[in-house]
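The values are calculated or read from the model by the stated rules, or taken from the named source; none is laboratory data. These figures come from a predicted structure and were not determined experimentally. Heads up, the Cβs are rebuilt from the backbone with ideal geometry, glycines too, and the neighbour counts pull from every protein chain shown.
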Amino acid sequence: MSSKTTGLRQWRQRFTALFQDHEIFVRTHGHVRFLRVSAVWQKRVALIAGLVLLVWAGTMLTVLVNQFLTAGERAEVAQKQVAAAAAEQRIAQYRDRVGEVAADLEQRQEQLEEWSKIHFGVEPAAVTDEVGAQPAAGTEAKAAKAPLKTSAMIDPNLPPEAQILARLEAQQESFATRLLTAVNARAANAEGAVAKLGMDPTALVRNAAAGRGGPFIPYRGRMGHARALGKSFAALESALFRMEVLERTLVALPSGKPADVLMLSSSYGYRSDPFTGAGAMHAGLDFPGPIGTPILAAAPGKVVYVGQKSGYGNVVEVDHGQGIMTRYAHLSGFTSRVGAQVTAGEQIAKMGSTGRSTGSHLHFEVRLNGVAVNPRRFLEAKADVLEVKADARERVGSVAAVRSAR
């Protein structure tokens, strides 16, 4: 105990030695004054300063402890803020995506409506009825019964607006699938009819596709992004092009007799020339009859030539589209003019014997892309072919009526 007391006494002495009475002399204008700073006063000031320092240190320690204790809470709050910001960004992206999908679906719908009007002359709802009436056979029947696959399957966990868009896309895909089935069925019927007439359907489609071109401009949706409408729409576009080429070719083929006469005096192909007797190629059919017999357009088309040609005499030529042209020769007179639109069976000229002719008759030619083909196979088409042609003519006619009404 004596050692501890001695140690405390020594420390107290050392502390007391730090504070001594001081006298400070101040001389002002010849007067001398002194200030006395006592040790007790110094101790009080030091004590106050120490207390202030101790309070400050305690405060700082409390602040540090509080910061340490609340660091976890602040980190959690910061994480929540980051998560909230990420959620807002995802929501914004989702809204943008929903808007983009909605714009795409709207454009797809417009394309379906445009195709329906261009190729069927009706609204999509009417095409749906026609699709339902189309017979499906073989693989087409299987395709019609196959489960529908869409690019956006309807997930019950999706938000309501997303489910609405998914259902709309499923409806569009369903309509496109049924329309594709109907278009393929029509194209198949037209292909069979064209083949029975001795023509190559594949070559017709290939030749029609060869006459296309233009600069490449990427297709862009309403949001400005380069995109495509999907595989189903690409297949539908290709099928519609094929159907259009084959059916319009079928409609353009002449099936009506160019003159109301019973006899045929010369067929297509090899024959003896009526003037020289030498072997010759006859590029058409000859129909004999009285001078002035009405000459009729064998198919609807546009008159592109009225005049004289060497060896043919007076000639009328009618362009039926799809590279098909009919020529009517040895005429005695004309009842049509260049640029006139004529229907099948409409009078365009009168029978005669002009040009290189031995008597009054009609020389009738059918040319495909400038090459003469045998007209007999068109004029003598069987009932099944004519039925397909009549159906194709009805569709093409309805489309033309809708276009002219616009």
Legend entry - strands (runs of 3 or more DSSP E) contained in segment 297-397 and holding at least 1 residues without any contact (Cβ under 8 Å) to a residue 40 or more places away in the chain: 301-309, 313-321, 324-334, 371-373
Inset, instruction - Those residues that are surrounded by 10 or more Cβ atoms within 10 Å (Cβ to Cβ) and not β-branched (Val, Ile, Thr), I need them from segment 14-33; list them, please. - result: PHE15, LEU18, PHE19, GLN20, ASP21, HIS22
Legend entry - Residue list for segment 28-40, filter: within 24 Å of PHE15 (Cβ to Cβ) and outside any helix (DSSP H, G or I): LEU35, ARG36, VAL37, SER38
Inset, instruction - Search segment 243-262 for residues that are over 15 Å from PRO300 (Cβ atoms) and pair each with any residue that is polar (S, T, N, Q) and part of a helix (DSSP H, G or I) when their beta-carbon atoms are under 6 Å apart and the residues are at least 6 apart or on different chains. - result: none
Legend entry - Odd one out for VAL261, checked against (1) modelled with pLDDT of 85 or more; (2) in a loop (DSSP other than H, G, I, E, B); (3) touching a helix residue (DSSP H, G or I) at 6+ places or on another chain (Cβ under 8 Å): (3)
Inset, instruction - State whether the residues of segment 41-62 include one that is over 30 Å from ARG14 (Cβ atoms), surrounded by 10 or more Cβ atoms within 10 Å (Cβ to Cβ) and not hydroxyl-bearing (Ser, Thr, Tyr). - result: no
Legend entry - Meets criteria (among the aliphatic types (A, V, I, L, M), at pLDDT below 70 and not assigned by TED's automatic domain parsing to the domain that holds ILE324) for ALA144: yes
Legend entry - Number of positions in segment 235-277 that are of a type in the set (A, V, I, L, M) and in contact with a strand residue (DSSP E or B) (Cβ under 7 Å, 6 or more places away or on another chain): 6
Legend entry - Residue within segment 290-305 that is among the aromatic types (Phe, Trp, Tyr), more than 20 Å from ALA381 (Cα to Cα) and not assigned by TED's automatic domain parsing to the domain that holds VAL194 present: yes
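Matching residues to (1) more than 29 Å from ALA208 (Cβ to Cβ); (2) under 38 Å from the mean Cα position of the chain (by Cα); (3) among the basic types (Lys, Arg):
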site	(1), (2), (3)
GLY313	yes, no, no
ALA329	no, no, no
SER336	no, no, no
HIS361	yes, no, no
ASN369	no, yes, no
GLU380	no, no, no
ALA383	no, no, no
Inset, instruction - Tell me, yes or no, whether segment 267-281 has at least one residue that is outside any loop (DSSP other than H, G, I, E, B) and surrounded by 16 or more Cβ atoms within 10 Å (Cβ to Cβ). - result: no
